[in-house]
Number of protein chains: 2
Amino acid sequence: MRYKLYYWPGIQGRGEFVRLALEYADADYVDVLRHSKDFSLPKNPAPFALPYLVAGKLVISHTASILQYLGPRLGLAPKAEAGRLWVHQLQLTIADWLVEVHDVHHPIGSGLYYEEQKREAKRRAGDFLAVRLPKYLGYFEDVLRRAPGGYLLGKTCGYADLSLFQMVAGLRYAFPVVFGRLEKRHARIAEVHERVASRPRLAAYLASARRIPFNRQGIFRHYPELDLPGKKSKKT
Amino acid sequence: MRYKLYYWPGIQGRGEFVRLALEYADADYVDVLRHSKDFSLPKNPAPFALPYLVAGKLVISHTASILQYLGPRLGLAPKAEAGRLWVHQLQLTIADWLVEVHDVHHPIGSGLYYEEQKREAKRRAGDFLAVRLPKYLGYFEDVLRRAPGGYLLGKTCGYADLSLFQMVAGLRYAFPVVFGRLEKRHARIAEVHERVASRPRLAAYLASARRIPFNRQGIFRHYPELDLPGKKSKKT
């Protein structure tokens, strides 16, 4: 099966979570829009947004749904129902987390420029870094603590571990100051990042031109004015 | 199987999307926290947030994941893989839409009061009502147009139709002025709402005390100052 991935060619974005699974598993896939601009959205079923994956006759959108489909086929998810349900929930939590990362620099509207919502972005960044980011990190650190073996589901790297790797990579890029401090207190999460990054296929992918560099068009963006500690808003 | 649903007892919120499926299918379930305050989050697996469903030994969190699990068991999802994948994607799109509804009144931080982010909320409401809400409505109207039969997947009411019903109900409550105009141009969506509401079991549920009224603690909130047309922000 040759999978076809459709995603914006200039950013890592949501597509990267799918790319990491395909690359890690050495799957046969084409990152279509990096080679051709000639595409139109499928009509039936019609994805609401990119990314979507074409697998034979199936069209699958939503990162978490694509990974749920690919997981068992690429050896990146458990076979038993309880495990498959659990890893999908972890992925959906990562999806929510990623929306919040995006909304730090776009708290008013995704169709507006950052510069048009910079004041609001500073305020949202303060809340995100002081409240929400520690909450997500604490949650995943706790999941890792309860699943001895170094990965979210135990001893085997699954697609949610690849996504957690990507969250760490992106947060290091976007918030080097604040996340740099926080990740020291979440050693198990940082270890997942190192463990994933050192796997030969992933290391080769990360060193290749296929890995698009982080930039200010993506979801993870580095604006120094948003990477400030100690800005927690008070609940009055 | 007696299902146990855990969700905040004072609001419809995300739990309502699960309640609607359980009620529509006349499933045997307990809305646990409406009868008891004595609960602690399961530890392994630990949900990130409410709602979660206990089904025998399984603990399932995330609304879309709960509905994906319940769908085939309650006769609210297709049996074939393509259909099950498709309805899950529709539900994930509704989940994204719902986050945006919530963030209209909480654009800075979910832990802060609305009054602390009212100025930002007015700006986000303008973008949501002018750009995002029409985009979601146009998408679902188009899906309904392509799936003749009156429901999202054709002739049978599924869990995503119940969720679309809930979106309409909530939007009518929160944005009577702007949504009142928009829904006239999206007649198929409004028809799904009427069709679902008139089914005897749903009608009985909606008229019962089990249906919590909309209020200003929930996701759909009515603030007249946010329900203003013609506030589209310009992309400069």
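Mind checking whether some residue in segment A:137-160 is among the aromatic types (Phe, Trp, Tyr) and more than 26 Å from residue A:81 (Cα to Cα)?
No, that holds for no residue.
Residues that are within 9 Å of chain B (Cβ to nearest Cβ) and of a type in the set (D, E, K, R), at least 1 per element: which helices (runs of 4 or more DSSP H) completely within segment A:43-128 meet that?
Here the list reads A:81-105, A:118-127.
Identify, please: which residue in segment A:89-111 is over 11 Å from the mean Cα position of the chain (by Cα) and more than 19 Å from residue B:117 (Cα to Cα) and is, among those, surrounded by the fewest Cβ atoms within 10 Å (Cβ to Cβ)?
A:111
From the list A:72, A:51, A:47, A:78, which one is in contact with a Lys or Arg (Cβ under 9 Å, 6 or more places away or on another chain), in contact (Cβ under 8 Å) with a residue 12 or more places away in the chain and within 25 Å of residue A:110 (Cβ to Cβ)? I'd like the intermediate steps shown before the answer.
Working: A:72 fails: within 25 Å of residue A:110 (Cβ to Cβ); A:47 fails: in contact with a Lys or Arg (Cβ under 9 Å, 6 or more places away or on another chain); A:78 fails: within 25 Å of residue A:110 (Cβ to Cβ).
Sole residue among the options that is in contact with a Lys or Arg (Cβ under 9 Å, 6 or more places away or on another chain), in contact (Cβ under 8 Å) with a residue 12 or more places away in the chain and within 25 Å of residue A:110 (Cβ to Cβ): A:51.
Within segment B:174-216, restricting attention to residues that are of a type in the set (Phe, Trp, Tyr) and assigned to a helix (DSSP H, G or I), which residue is surrounded by the fewest Cβ atoms within 10 Å (Cβ to Cβ)? Spell out the reasoning first.
Just the residues of segment B:174-216 that are of a type in the set (Phe, Trp, Tyr), to begin with: B:175, B:179, B:205, B:214.
Right, trim to assigned to a helix (DSSP H, G or I) and you get B:179, B:205.
Details: B:179: 21, B:205: 17.
By that ranking, first place goes to B:205.
Based on this model, can you work out whether residue A:43 counts as over 16 Å from the mean Cα position of the chain (by Cα), farther than 30 Å from residue B:145 by Cα and at pLDDT below 95?
Against the criterion (over 16 Å from the mean Cα position of the chain (by Cα), farther than 30 Å from residue B:145 by Cα and at pLDDT below 95), residue A:43 does not qualify.
Would you tally the residues in segment B:117-157 being touching a residue at least 40 places away in the same chain (Cβ under 8 Å) and touching a Gly at 6+ places or on another chain (Cβ under 7 Å)?
Residues flagged as touching a residue at least 40 places away in the same chain (Cβ under 8 Å) and touching a Gly at 6+ places or on another chain (Cβ under 7 Å) within segment B:117-157 amount to 5.
State whether one or more residues within segment B:161-170 are away from chain A (no Cβ under 14 Å), in a loop (DSSP other than H, G, I, E, B), out of contact with any Ser or Thr (no Cβ under 7 Å at 6 or more places or on another chain) and touching a residue at least 40 places away in the same chain (Cβ under 8 Å).
No, because not a single residue in segment B:161-170 is away from chain A (no Cβ under 14 Å), in a loop (DSSP other than H, G, I, E, B), out of contact with any Ser or Thr (no Cβ under 7 Å at 6 or more places or on another chain) and touching a residue at least 40 places away in the same chain (Cβ under 8 Å).
Condition test on residue B:133, is it in contact with a Pro (Cβ under 7 Å, 6 or more places away or on another chain), outside the structural domain of residue B:26 (by TED's automatic domain parsing) and modelled with pLDDT of 95 or more?
Against the criterion (in contact with a Pro (Cβ under 7 Å, 6 or more places away or on another chain), outside the structural domain of residue B:26 (by TED's automatic domain parsing) and modelled with pLDDT of 95 or more), residue B:133 does not qualify.
If residue B:147 satisfies every condition in (1) touching a strand residue (DSSP E or B) at 6+ places or on another chain (Cβ under 7 Å); (2) within 30 Å of residue B:33 (Cα to Cα) but one, which is the exception?
So residue B:147 meets the others, but not (2).
The values are calculated or read from the model by the stated rules, or taken from the named source; none is laboratory data. The structure presented is a predicted model; accordingly, all values stated were derived computationally and were not measured. Positions of Cβ are backbone-derived with ideal geometry, glycine not excepted, and every protein chain shown enters the neighbour counts.
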